[in-house]
Amino acid sequence: MNLIVIKILMLIVCAFVSGCASPSNAVAQETSNMEKKACKKSKKKNYSKNKESKDSDIRDSKQKFRSNRAMSRNERLDLIAKKMNLKPNQVVADIGAGRGIMTWRFAKAVGSGGKAIGIEVRESLVERMNEDAKDRNLPNYEAKLVPTDDPKLEANSTDVIFLKHAYHHISNRIPYFSNVKSALKSGGRLIIVDFSETSESFHRSTEDLVTKKQLVDELKQAGYKLIKEHDVLLPKDYFLEFEVAN
């Protein structure tokens, strides 16, 4: 016989024999006690499940961060190019290209019908990119020397404007990127990779660091809207995609 039924019957017998509280009251009290115990047990079980789920999410997040930290430099650069989802025949402008470590990857990604332009303010780096393009036999990989306040991109000429660890170097960023908008073709994207607040690699004063929130706010003022955020480079870098706001 069910244990609960036996306990209830015992209470009824006790009530009649000893003259204690009425059977109905005794049964009600016992039922209430059992319901409370069952509720506590259920809450404890749900808490345990929720805690296990939360702990699992934390472990997954930490594992992702450890994995991203463990990637080699070239793996990280290849991953950026892959996540940008470039198409054949597109034109990509790499502002602050440095030695062209991303520019040649873009040239390969868009193919011979497309073009990748490494934009720099230092002549020595432009010369280095020109040499790199010859060494790699990539005629669609170009380098351009520009002033600090204008990337010299023609109107409606570019599918993707890209900056890696260069955004924080630019002065007067809101007017700079407001002017750059005209270079983007319809559906064009502005893609930025820069140091996050938790990066251990930021080599300048922390006063020069541009937080993700600040960057998004500045580009909103310049006429862009955030359309995608990649988490593959965290915690070192943030990786954001924008398009011109309507």
Practice task
Would you mind calculating the gained length between residue 211 and residue 170 on full extension (0.36 nm times residue separation, minus the Cα-Cα distance), in nm to one decimal?
Solution key: 13.3 nm
Exercise for the section: Work out, step by step, the length gained on full extension between residue 185 and residue 122: first 0.36 nm times the residue separation, then minus their alpha carbon distance; give nm to one decimal. Expected result: 20.0 nm
Fill in the blank from the handout: The answer for the net charge of residues other than residue 215 whose Cβ lies under 10 angstrom from its Cβ, with Lys and Arg +1 and Asp and Glu -1, is +1
Completion exercise
Set 87/152; 108/134; 144/236; 115/220, cut-off 21 Å on Cα-Cα distance; pairs above it are 87/152; 144/236; 115/220
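Wrap a convex hull around the Cα atoms of the stretch 73-244, take a quarter of its surface area, and give that in square nanometres.
9.1 nm²
Read-outs throughout are calculated quantities, based only on the coordinates presented, and are distinct from any laboratory measurement. In this text the structure is predicted, and so the values were computed from the model without any measurement. Counting neighbours? That spans all protein chains shown, and the Cβs are built from the backbone with ideal geometry, glycine included.
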